[in-house]
Amino acid sequence: MTRLTTKDGICQHLGGISASTYDNWRRRGIVPGPVPGTDRYDIRAHDHSLDCIAGLDKRTTGPAPSPLEQWDRNHAA
């Protein structure tokens, strides 16, 4: 399997979601977006993000962020 993929490829990897669903998830901080400076998406980074959200990554400690903390992260410029 290739680690980096296109936006269409990452949408397929995430269950065949649409590009607009992907963009919505990205705005909400669910998925990380492309590798900086490229138009490629890291499959492992996306899997890790979803593992953390699902509570499958035991390296992630502490409580989930509050809605205010999540909003702050999503709107940091």
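Descriptive notes on the structure:
- All positions within the range 1-30 that are at pLDDT 95 or above and open to solvent by less than 40 Å² (accessible area, probe 1.4 Å): Thr5, Gly9, Ile10, Cys11, Leu14, Ile17, Tyr22
- Close pairs from the range 1-21: first within 14 Å of Asp39 (Cβ to Cβ), partner of a type in the set (Gly, Ala, Ser), Cβ under 8 Å, at least 6 apart: Lys7/Ala19; Asp8/Ala19; Cys11/Ser18; Cys11/Ala19
- Those residues of the range 42-67 which are at pLDDT 95 or above and in contact with a His (Cβ under 8 Å, 6 or more places away or on another chain), in sequence order: Ile43, His46
The values are calculated or read from the model by the stated rules, or taken from the named source; none is laboratory data. Keep in mind that what you see is a predicted model, and the values were worked out from it rather than measured. Virtual Cβ from ideal backbone geometry, glycine too; neighbours counted across all protein chains shown. What goes into the accessible areas is simple: the full protein's heavy atoms, side chains included, and nothing from ligands, DNA or RNA. Shrake-Rupley method; radii C 1.70, N 1.55, O 1.52, S 1.80 Å.
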